[in-house]
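These notes are about the structure you will find just below.
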Amino acid sequence: MTWIAPPIERRELPTVAGEREMLQGWLDFHRDTLLAKCTGLTADQLIQASSAPSTLTLLGLVRHMTDVERTWFRKRFLGERVGDHYFTEASPDADFDDLDPAAAEEHFAAFRAEIDACDKAVADSDLDETFRTSRGRTLSLRWIYVHMIEEYARHNGHADLLREQIDGTTGA
């Protein structure tokens, strides 16, 4: 049986809320949007590249954002010593390369699990808490939320184009 990306019900955006709830709401909306772009596609469709020589695919975007979530929230902000899901020094683009459609369901589960882990990891942290990057910049948790919203917004634009190319579906 062929695995098909399951439907996702996007969470409602808060329209009047405190800063933390607003940032979390927009981040959750964009996380859900990426999954919505994949809904109903087979694993083989999820690994269809945009156009040669690009390796940009919907499954690659899901894998990419899995590592981006972990990197910013858990590794950089909290300093957790956890490995990456896909990135390696030898293959920094592994999230987009060597995709196996048979592992698509596993990659979607890893994405959802990483989101849960990241949300739990920073739930008790204040938006004003800071950390220092390897380049010596001081950034706040607030900065990470804004950056993640921006990162998802950009990649959801890519996902729009990929989905339309695969089956003509627009919107969502």
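The values are calculated or read from the model by the stated rules, or taken from the named source; none is laboratory data. Nothing here was measured: the structure is a model prediction, and the numbers come from that model. Methodologically, a virtual Cβ is constructed for each residue, glycine included, from the backbone with ideal geometry; neighbour enumeration extends over all protein chains shown. Side chains included, ligands, DNA and RNA excluded: accessible areas come from the protein's heavy atoms. Shrake-Rupley method; radii C 1.70, N 1.55, O 1.52, S 1.80 Å.
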Discussion item. Out of everything in the range 83-107 that is surrounded by 13 or more Cβ atoms within 10 Å (Cβ to Cβ) and aliphatic (A, V, I, L, M), what residue ends up being nearest to Ala5 (Cα to Cα)?
Written reply: Ala104
Discussion item. Kindly evaluate Ser125 against the criterion of being polar (S, T, N, Q), over 19 Å from Gln45 (Cα atoms) and open to solvent by 20 Å² or more (accessible area, probe 1.4 Å).
Written reply: no
Worksheet item: What's the number of the condition Glu106 fails, among (1) charged (D, E, K, R); (2) modelled with pLDDT of 95 or more; (3) touching a helix residue (DSSP H, G or I) at 6+ places or on another chain (Cβ under 9 Å)?
Response: (3)
Worksheet, complete the sentence: For the range 5-19, pairs from a residue that is closer than 30 Å to Asp44 by Cα and of a type in the set (A, V, I, L, M, F, W, C) to a residue that is open to solvent by 40 Å² or more (accessible area, probe 1.4 Å) and in a helix (DSSP H, G or I), with Cβ under 9 Å and 6 or more apart or across chains, are Ala5/Gln45; Ala5/Glu105
Worksheet, complete the sentence: Being modelled with pLDDT under 95, in contact with a helix residue (DSSP H, G or I) (Cβ under 8 Å, 6 or more places away or on another chain) and not β-branched (Val, Ile, Thr) narrows Ser50, Ser54 down to just Ser50
Item to complete: May I ask you to list pairs of residues, at least six apart or on different chains, whose Cβ atoms are under 7 Å apart, with the first in the range 112-134 being farther than 28 Å from Glu9 by Cβ and the second being of a type in the set (Ser, Thr, Tyr)?
Response: Asp128/Ser140; Glu129/Ser140; Thr130/Thr138; Thr130/Ser140; Arg132/Thr138
Response to the item:
Across the range 51-90, the tally of residues that are touching a residue at least 60 places away in the same chain (Cβ under 8 Å) and hydrophobic (A, V, I, L, M, F, W, C) stands at 8
Worksheet entry | Subset of the range 33-46 (residues that are in a helix (DSSP H, G or I) and surrounded by fewer than 18 Cβ atoms within 10 Å (Cβ to Cβ)) | Asp44
Discussion item. Taking the conditions exactly as written (open to solvent by 30 Å² or more (accessible area, probe 1.4 Å) and over 13 Å from the mean Cα position of the chain (by Cα)), does Ala49 satisfy them or not?
Written reply: yes
Practice prompt. Could you identify the single residue in Ala153, Ala110 that is surrounded by fewer than 18 Cβ atoms within 10 Å (Cβ to Cβ) and of a type in the set (A, V, I, L, M)?
Written response: Ala153
Item to complete: Just name the residue that is most open to solvent (accessible area, probe 1.4 Å) out of those in the range 1-32 that are among the charged types (D, E, K, R) and in contact with a Phe, Trp or Tyr (Cβ under 8 Å, 6 or more places away or on another chain).
Response: Arg11
